[in-house]
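One structure is given below, encoded as structure tokens.
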Amino acid sequence: MMYVIPEDIEFIVPVDLREALELINKLNNVKALAGGTDLVVDLKTGRFKPKYVVYIGGLKELRYIRDNNGSLHIGAVTTIQEILDSKIIAEKAPLLRAATEKFAYWQIRNTATIGGNLCNASPAADTAPPLLVYEAIIKAESVRGSRLIPIREFFKGPRQTALERDELVTEIIVPYKDLENSGYSYFKVGRRRGYDISLVAVACVVKVEGGVISDVRLALNSVAPIPVRAMNVEKTLIGKKPSLEIIEESSKLVVYDISPISDVRAPIEYRQYMAKLLTREALLEALKKTGVM
Amino acid sequence: MEDPVKILEKWISAESYIVVGKDISRVDALDKIFGRAMFTEDYFVDYMIGNALFIKQVLSTYPHAKIKGIDYKKALEVPGVVRVITAHDIPGENQVGYAIPDQPLLAEGKIRYPGEVIALIAAVDFEKAFKASEEVLVHYEPLPYVLDPLEAMRRNDILVHDERGSNIAFTTRVRKGNIEEGFSKAHVIVENEYRLHHQEHAYLETEAALAIPESEGRVTVIGTIQYPHLGQRIVSRVLGVPASRVKIVAPYIGGGFGGKDDEGPLVCAKAALVAYLTGKPAFLIYSREDSIRIHPKREAAIIRYKSGADVNGKLTAIDVTIIHDTGAYANRAPFILWRATMHASGSYEVPHAKVDGYAVYTNKVYQGSFRGFGNLSIQFAAERQMDLLAERLGLDPVEFRLRNILKEGSYTITNQLLDHSVGVAETLKKVAENADWWKKREEYKKFNEASQRFKRGIGVAIGWHGISTSRAVPDWSNAYVKVELDGSVVVYTGIVEMGQGSPVSSHAQIVAEALGVPLEFIRVVQGSTEAPDSGATHASRGTGIGGIGVLVAATKIRERLTQLASRILNVDPGEIEFRDGRVYWRRNPEMGLSWRELVREAYARGIELSATGYFFLPKGKFDDTIGQGFAYPAYSYIVLIAEVEVDTWTGDIRVLRVYPGLAAGKIINPKQVEGQIEGAVVQAIGYTLMEKLYFDDKGNIVNTNFTDYVIPTAKDIPEIYKPVFVEDKYRYGAFGAKGVGEMAMIPGPASIVNAVAFALGVNITFTPLTPWSVLELIGVLKGRCST
Amino acid sequence: MKVKFILNGKPVELDVDPRETLIDTLRLRLKVKSVKRGCERGECGSCTVLINGNPVVSCILLTIQINGAEITTVEGLVGDILLEKLAKNFIDNGAIQCGFCTPGILLTAYAGIKQGKIKKSEDVKEYVNNLCRCTGYVKIIEAIAKTANEVWGHER
């Protein structure tokens, strides 16, 4: 009541995905509404003023978690809590589960969706770091057909994605096969122990084969305009024998992967420092889980 | 027996109590559980949708500007808009300043902070009011502005209030003894500048008021207000009608903590103004953003504190300067500053004291009441100093405090003799034992030597808080009690229920005790100007002082019924008992009659069963020019010991355990008191570790929502131990009660910071201890992280 | 826009403005007063309701989003054994102060215990994160943990 969503926004509730795709193809200046935990606030406060809002959160066909050939297929409007509660996720993509565990609080997790979290494209998106690590593939559909977007190409800037104007994210594909038998870790810091927007979060997976690091993937949020992979760190570790020294040294390189700012939530110095610290800790923790360290 | 002093004495000296001192459940609990307890917006929902006009406030966007004109023609053209109201429309006086007449209800001539209210839009629904508010064009002539209190003190070219000729709104001082002499006797001297920050109340219910015009030019306002009778005075002044025509009702209030003491009368006045001018009911509710922008905050403070102690570990002198960032309007600044000034010593004997206080205007949101009322920041400074002095003297902090602690016969820094009710020393000893203080100090020292990453600390701090109003400012208690023919009892009090529970638990308990009737017989009509003016529900006075009137009134009725029962039973009136709804002869409980029968008899025999209870608190003389004399009728004391763990890698502080101890006179309801302590401890943790208002370079608050003004959640709390109660009864309190509500907030930040300073081995002079400021303190980060 | 839902066991059919949030539909149209307006951006939990048994915040949920769902508020749980247990423990333990957050916390705790997510004390902090500014949470957590123990204790 105390905030007003402009009355010239038209809300449309399609009955199925086809109608939804037709609508966004036909109309201009559309926002897709899934759970709405970000979008409804943005509509209320005027951050976004679309002409149309198409509600896709009720489309049952976009709400599922399936395991298929070494990849998890998660419907775009699957809620965060459903992911957190899912046995398949816990088993196959425990890193994603770890991030959803620290995602806001129960009420929000019951409403917020994985597709919404990605499409909102907040630099602090909680599901982004683990999905970057899994090298998830985002399935975008339109009346023209569908295409697969690697998550690293999905985020274009704060609140900006690679989606075309007529496209909807319908599925998130999480390949886990390559990362079986690897160690993972997730760290997130906020301004309090209870739920908060991430000040820095790090997701990490490490695989050790034959005594050397055969695969390592690190991703962070809230330290750049978009959630990022720490390629500089990863590059120096690949093929190396895990040791405290190499972890210490390589984690410092994360500063070349990030470009944090100071805002009302935290100063740049802290974000830079914590990115390094959490990168190191994430690597150590993940390696510990592999049993190597 | 109708003399209130005699009545108070009688109850304090009673050998035992029936319900007082017991964990009685609140009478409002079930209604709150099922959503039946009516809060202000609920009245709008149930009765006024479609009838009441909706009010939207137009707020200033500048820190300091002349208002050249307000053009609201376009706003009036928005369909559904009924009226736009500005300062010109106010029929009475546009003056709501609390201590100093410096504040308009609606801006007039110029605005002095971003968020100041300029106009009120009244429309048939919220959306139309909202739309119209965007059509109001305020023509500003921006003025240079000043945000920093130190700069504001120096400058006379930028004046927040031109007519005052200076930005110093108010000054206070204490001059006791001779500090040169005191410091010359000192073996160690410690000097620091402390910086404390603003705090937002963050009550979950925002401010709201529903005003209903009635016949004969009367108006009734239901609103979120901690002092209905103050609201009545302000509304009456703004409307230019006699106070008798204004009725204010405080329904259930969703948290106050002082914020609704200041903003309550204003939100009521704005709704009343619209109702009065339009002849229609009017409803105003603040959005969270508006609430944070508009209402007064806990003051930011700069405190320069120098103190010395001699070789025997006795304080010799303090020299203190207190600067409060008062913001745009004085509001309660003089009272807040006086409280800080008179408590500047901490709860210790100090022979020589010099304290200077300055309340300084700036172009920011203004300061107001918030749990602790000026006392949190000064106790922070005083208690940090105590730890630093103890360290320099090589004394244990508890031991050093005990050597200086106030006791019966002590004189305060205002040279007031404390002749009774000073239980702080005993409380400190007991809490230290409870917490295993001495052992843990040693243990943590060893732990910290061995541990690289995690450091542990334990810290102590004491709060003392004068109860009632300060100095000779009048204070009284007043209530009205009547017994219905069926024996049920109605209590009228102006004390409001905002969570603390004084009317819904302790007032009911007091009456149940005095009349020996079950709690379900009693209904408390709270928070209404239909009740006698009971004073505000602030300053921890709801039970201890607010309860006096209730106790006196109920006792008067009891006395009348005692006489009657003695005649009926033909026994000595001194041997009549009132208990469990029966009135009987103590020597033979079989001889008696039911409460209901006795009441019926009283009605039949012409005995009045209604009574008012009134008590005017005796006070002494105070010399404002040197800050010497009678400061407060008595003081409540609290001791907190906090244990923390600091992660020196991340800068994260975890408060592990808190041990409280309270010397607040008689504890009328231990469970409710525990709730007050726990709630205040957690608010203090919020203040110390995470809560902070951020201002931009134009004085706007940047974090005007709960996304970025973060307060503690269930995950952020420590283990809080059961409090130690030392019942140092106060002779003029109901059953000897003093005050509780604010207490744990006051030394909360100091206890945590003392523990952190011990853990890290560094001096800490500011709050909040965000992770980045901790990292800066220990040299891991460099820069501007602690600002 | 037409919406249908079940509110506390009773079917409701309404024509709502699609911009309307569920809190406004519940409070202003249906006069469900236990749903409290705290922050209006999903940060405090005062407006919690159960949708098909799961707690959600109704201030950032549009009413059109819950078409066809089953909504429960404390008003609909009068007489419910689990809620009565919670209520009793809240009252006995002094877990209620101003009461503004209370219905939202009760609903969250209710759903948590019912779903088996809250079985012991440590679970409470994971699932009940509604803001409360009065109590410091201590007595609330104790009351919920006690209730969970009464319900699930035998399984431990």
Handout entry: the stretch B:601-610 - phi-based ³J(HN,Hα) in whole Hz, Karplus 6.51/-1.76/1.60, Gly and Pro as x
Key = 4, 4, 4, 5, 9, x, 9, 5, 10, 10
Problem - the stretch A:53-108, relative contact order in percent, only Cα pairs under 8 angstrom and at least six apart counted - result: 24 percent
Problem - Over chain B, relative contact order from alpha-carbon pairs under 8 Å, at least 6 apart, % - result: 16 percent
Practice task
Mind checking which aspartates and glutamates have their Cα closer than 12 Å to the Cα of B:K280? Skip sequence neighbours fewer than 8 apart in that chain.
Solution key: B:E214
Problem - Members of A:K156/A:K177; B:K440/B:K692; A:K51/B:K74; B:K482/B:K621 lying beyond 29 Å, as alpha-carbon distances in this model show - result: B:K440/B:K692; B:K482/B:K621
Completion exercise
By the Cα gyration tensor axes a ≥ b ≥ c (a/c under 1.5 gives rounded; else a/b larger than b/c gives prolate, otherwise oblate), the shape of chain B is oblate
Exercise for the section: Sequence neighbours fewer than 8 away in the same chain don't count; with that in mind, list the aspartates and glutamates whose C-alpha is under 17 Å from B:K185. Expected result: B:D310, B:D319, B:E349
Practice task
Using +1 at the Cβ of each Lys and Arg and -1 at the Cβ of each Asp and Glu in the protein assembly as shown, identify which of C:C98, B:H201, B:A611 lies farthest towards the dipole's positive end.
Solution key: B:H201
Problem - Charge context of B:I7, other residues only, Cβ under 14 angstrom, K/R +1, D/E -1 - result: +1
Exercise for the section: Filter the cross-link list B:K260/B:K364; B:K260/B:K407; A:K92/A:K240; B:K429/C:K125 down to pairs whose alpha-carbon distance in this structure exceeds 24 Å. Expected result: B:K260/B:K407; A:K92/A:K240; B:K429/C:K125
Fill in the blank from the handout: Measuring from its Cα centre, chain B shows a charge dipole (+1 at each Lys and Arg Cβ, -1 at each Asp and Glu Cβ) which, in debye to the nearest 20, is 660 debye
Handout entry: Contact order relative to length of the stretch C:2-76, as percent, for alpha carbon pairs under 8 angstrom and 6 or more apart
Key = 40 percent
Practice task
Springs between alpha-carbon atoms under 10 Å, Gaussian network over chain A: tell me which of A:N221, A:N120, A:N68 tops the mean-square fluctuations.
Solution key: A:N68
Exercise for the section: Name the most mobile residue of A:E171, A:E234, A:E180, meaning the one with the largest mean-square fluctuation, in a Gaussian network model of chain A with Cα contacts below 10 Å. Expected result: A:E180
Problem - All lysines inside 17 Å of A:K235 as judged from Cα atoms, apart from same-chain residues fewer than 8 positions distant - result: A:K207, A:K252, A:K276
Problem - Cβ-based charge dipole, chain B, positive-most Cα from B:Y721, B:S25, B:T172 - result: B:T172
Handout entry: Gap separating the Cα centres of the stretch B:5-81 and the stretch B:721-787, nearest whole Å
Key = 30 Å
Handout entry: Positive minus negative residues near B:V490 (Lys, Arg vs Asp, Glu; Cβ under 12 Å)
Key = -1
Problem - Point-charge dipole on Cβ atoms (K/R +1, D/E -1) for the stretch A:183-290, about Cα centre, debye to 20 - result: 240 debye
Completion exercise
Other residues with Cβ under 10 Å from the Cβ of A:T100 give, with Lys and Arg +1 and Asp and Glu -1, a net charge of -1
Problem - About the Cα centre, charge dipole magnitude for the stretch B:601-648 (Lys/Arg +1, Asp/Glu -1 at Cβ), debye - result: 500 debye
Handout entry: Separation of alpha-carbon centers, the stretch B:574-650 and the stretch B:380-435, rounded to whole Å
Key = 29 Å
Exercise for the section: For the stretch C:1-119, please report how many Lys pairs fall under 19 Å Cα to Cα, leaving out neighbours fewer than 8 apart on the same chain. Expected result: 10
Fill in the blank from the handout: Share (percent) of C-alpha pair distances in the stretch B:187-318 greater than 22 Å works out to 49 percent
Practice task
Please say if the stretch A:10-55 is rounded, prolate or oblate, where rounded means a/c under 1.5 for a ≥ b ≥ c the square roots of the C-alpha gyration tensor eigenvalues, and otherwise the choice is prolate for a/b larger than b/c and oblate otherwise?
Solution key: oblate
Practice task
Output the peptides B:533-540, B:105-112, B:625-632, B:279-286 sorted from most to least packed, where packing is the average of other Cβ atoms within 10 Å over each peptide's residues.
Solution key: B:533-540, B:279-286, B:105-112, B:625-632
Handout entry: Furthest towards positive pole of dipole, A:F155, A:A282, A:P14, structure part chain A, Cβ charges
Key = A:A282
Practice task
Name the most mobile residue of A:K87, A:K102, A:K26, meaning the one with the largest mean-square fluctuation, in a Gaussian network model of chain A with Cα contacts below 10 Å.
Solution key: A:K26
Exercise for the section: Kindly work out what percent of the DSSP beta bridges joining two residues of the protein assembly as shown are antiparallel, to the nearest 5. Expected result: 80 percent
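Values quoted throughout were computed directly from the atomic coordinates according to the rules given, and no laboratory measurement underlies them. It should be emphasised that the depicted structure is a prediction, and the values quoted were computed from it without experimental measurement. Cβ atoms come from the backbone with ideal geometry, glycine included; neighbour counts cover every protein chain shown.
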